[in-house]
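The values are calculated or read from the model by the stated rules, or taken from the named source; none is laboratory data. This is a predicted model, so every value here is computed, not measured. Neighbour counts run over all protein chains shown; Cβ positions are idealised from the backbone, glycine included. Ligands, DNA and RNA are stripped out before the accessible areas are found, and what is left, the full protein with its side chains, is counted by its heavy atoms. Shrake-Rupley method; radii C 1.70, N 1.55, O 1.52, S 1.80 Å.
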Amino acid sequence: MAITVQKFGGTSVADAEKIRRCASRAIEVFKKGSQVVVVASARGKQTDELIADAMELNPDPPKREMDMLLSTGEQQTVSLMAMAMDAMGHKAISFTGSQIRMITDGAHGRARIQSIDADVIHRKLDTGHIVIVAGFQGIDAEEDITTLGRGGSDTSAVALAAALKADVCEIYTDVAGIYTTDPRKFPSAVKMGHISYDEMLELASLGAGVMHGRAVEFGKKYDVPIHVRSSMTDEAGTLITHEVSQMEGILVSGATIQKNLAKIGLIAVDNKPGNAAKIFAHLAGAQVIVNDIIQTEISSEKANISFTVGSADLADAKKAIEEIVRQVQCQDVFVRDDIAEVSVVGVGMRSHCGVADRMFKALAVAEVNIDSITTSEIRISCIVDLDDAEKALVAVCEAFELDKPADERTSPG
Ligand code: ADP
Ligand code: ASP
Ligand code: MG
């Protein structure tokens, strides 16, 4: 029998009316002959409110306790959703992450899923229930509650879809799909029909908050088609799938702007084997996630090394660097937290030239200074001043005609 996983985000379940609408959607799919597993997020801004409650009592709360608190948001939604389905005359049962043995590592606040007990869910599906699972949460080997990071309910949903071998994982949200860029920042952005896992992975890691990056990783690894769509309408959204050949014809699929970033630079580090390893091993030991790294040789003895981190990791990164600078004979350290990163992503970059040129020209015309540039096979990113962030995004979107469907853009794609 077909299995559909449906994930409803915070705004989609913000009040009783909306919970009822999501419940009806699940029942509708069930009536068409599919088993249905629903994954739900905390209602509205509840996770933010719980974080604010914690901060009022302790500005540096123990991470274990934070996860205990934050997981309650999702637990409320799933029980309410089950009650709504019951009132509609349908058999439904809700579960927390721990009840379905969603086992994670012990990294509170950014835990990674290790395994799921799909049998518990199959047993309930086989007796005609719609199963409703609390997103964003699991338990570690100590049976402590963990959370997967902000936006992590997407990952719960796709991981469940993989474990249950579901036919599709539908991500219901407050926009109609994946757009060429965040439609709140560039209102003429257009919705894409398809996007590849690789492109979506890049966009997610570069700040496109519409999908949690780990969810896309699971989708790619376990071949789960992900359909991102609106919870308010029936219109088809965006399908995230493996790359198909037409995608290569599109030069740039999307653009992002990422704020909440900081850059740390180590000036004139001794350029000898092992120094870069020492620096980054120390950062890893401090649980700092490092984004882009740039090393440049300034003489045969010295090199500059800089890297970016999320703002939330800046304090830990600074502390780790202070501990290591003497060991690597670094002359000076600088920190910039007034930066943003504008990026363009597209698998078409592999086979077309001229993307970098077009991007840099657009930024130059908009009088945006580029601090540094990093690239991968399918993306180009520029660090710019935070004050220029919006201007930079608009310039890049216009340069790549991201306000038009791909087939209406001037060459190529
Ligand atoms: P949910 O609570 O449903 O998980 P999120 O707030 O996490 O919703 O994600 C939806 C939001 O993602 C949208 O409201 C939109 O502002 C933002 N977003 C960022 N980049 C994009 C993009 N490329 N396409 C669509 N939405 C985007
Ligand atoms: N409720 C969590 C958050 O706000 C998880 C999620 O919505 O995906 O980040
Ligand atoms: Mg989300």
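Tell me the volume per residue, in Å³, of the convex hull enclosing the alpha carbons of segment 353-413. Walk me through the intermediate numbers first.
Numbers: hull volume 5.1 nm³, N = 61.
In segment 353-413, the Cα hull volume divided by residue count equals 84 Å³.
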Projected onto the charge dipole of segment 29-92 (unit charges on the beta-carbon of Lys, Arg, Asp and Glu, signs +1, +1, -1, -1), the Cα from 51, 33, 87 with the largest positive-side position is that of 33
Report the gain in length on full extension from residue 352 to residue 325: 0.36 nm times residue separation, minus Cα-Cα distance, nm rounded to one decimal.
5.6 nm
Jot down the radius of gyration and Dmax of segment 33-81, Cα atoms only, both in angstrom.
13.7, 49
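Normalised by the number of residues in the chain, what is the relative contact order in percent for Cα pairs under 8 Å and 6+ residues apart? Show your work: numbers first, answer last.
Working: 913 pairs, mean separation 55.5, N = 413.
For the chain, the relative contact order is 13 percent.
At 1.567 mPa s and 4 °C, plugging the Kirkwood radius over alpha-carbon pairs of segment 307-384 into Stokes-Einstein gives what diffusion coefficient in µm²/s? The partial results should precede the final answer.
Working: Rh = 14.9 Å.
Using the Kirkwood radius from Cα pairs, D works out to 87 µm²/s.
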Please identify, among 316, 167, 140, the residue showing maximal mean-square fluctuation in a Gaussian network model of the chain using a 10 angstrom Cα cutoff.
316
Across the Cα atoms of the chain, what radius of gyration and what greatest pairwise Cα-Cα distance (Dmax) are found, in Å?
22.7, 75
Provide, for q = 0.11, 0.15, 0.16 Å⁻¹, the log10 of I(q)/I(0) from a solvent-free Debye sum over equal Cα point scatterers in segment 1-160.
-0.40, -0.73, -0.83
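Just round it to a whole percent: the fraction of Cα-Cα distances in segment 84-141 exceeding 16 Å. Provide the component values of the computation, followed by the final result.
On the way: 778 of 1653 pairs.
The proportion of pairs with Cα distances above 16 Å equals 47 percent.
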Per residue convex hull volume, Cα only, segment 154-211, in Å³ is 92 Å³
At least 30 Å along the helix axis (C-alpha) and Kyte average at least -0.5, DSSP helices within the chain:
63-87
Alpha-carbon centroid distance for the pair segment 363-413 / segment 86-161, whole angstrom:
39 Å
Can you list residues from other chains, or at least 5 along the same chain, whose modelled amide H is less than 5 Å from the amide H of residue 170?
5, 6, 7, 227
Counting only other residues whose beta carbon sits under 12 Å from that of residue 189, what net charge do I get with K and R as +1, D and E as -1?
0
Env charge @ residue 335, Cβ radius under 9 Å, K,R +1 / D,E -1, value +2
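So between residue 1 and residue 369, what do we pick up on full extension, going 0.36 nm a residue minus the alpha carbon distance?
126.9 nm
Taking every DSSP beta bridge with both residues inside segment 101-234, roughly what % is antiparallel (nearest 5)? Provide the component values of the computation, followed by the final result.
On the way: 6 of 12 bridges.
Of all bridge pairs located within segment 101-234, approximately 50 percent are antiparallel.
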Cβ neighbours within 10 Å, averaged per peptide: list 262-269, 153-160, 403-410 in order, most packed at the top.
153-160, 262-269, 403-410
Which value, in Å², gives the accessible area per residue of the chain when a 1.4 Å probe is used on the protein heavy atoms?
45 Å²
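With runs of 4+ DSSP H residues as the only contributors, calculate the mean residue ellipticity of the chain at 222 nm using -39,500 (n - 2.57) per run, divided by the residue total and rounded to the nearest 500.
Details: 11 runs with 137 residues, N = 413.
Mean residue ellipticity at 222 nm (helix-derived): -10500 deg cm²/dmol.
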To the nearest 20 debye, what is the magnitude of the charge dipole of the chain about its Cα centre, counting +1 on the Cβ of each Lys and Arg and -1 on the Cβ of each Asp and Glu?
880 debye
Please report Rg (one decimal) and Dmax (integer) in Å for the Cα set of segment 205-317.
19.5, 62
Rounded to a whole number, what % of the accessible area of the chain do carbon and sulfur atoms account for, probe 1.4 Å?
51 percent
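Quick one: length gained pulling residue 64 to residue 244 fully straight, 0.36 nm per residue minus the C-alpha distance? It would help to have the intermediate numbers written out before the result.
Values: separation 180, 0.36 × 180 = 64.80 nm, distance 4.28 nm.
Residue separation times 0.36 nm, minus the Cα-Cα distance, leaves 60.5 nm.
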How high is the relative contact order of segment 276-376, given as a whole-number percent (alpha carbon pairs under 8 Å, six or more residues apart)?
22 percent
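Taking segment 8-72, which trypsin sites (Lys or Arg not before Pro) meet the DSSP loop condition and have no more than 16 other C-beta atoms within 10 Å? It would help to have the intermediate numbers written out before the result.
Working: sites: 18, 20, 21, 25, 31, 32, 43, 45, 63, 64; in loops: 32, 43, 45.
Passing sites in segment 8-72 are 32, 45.
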Find the relative contact order for segment 13-103 and round it to a whole percent, using C-alpha pairs within less than 8 Å whose residues are 6+ positions apart.
32 percent
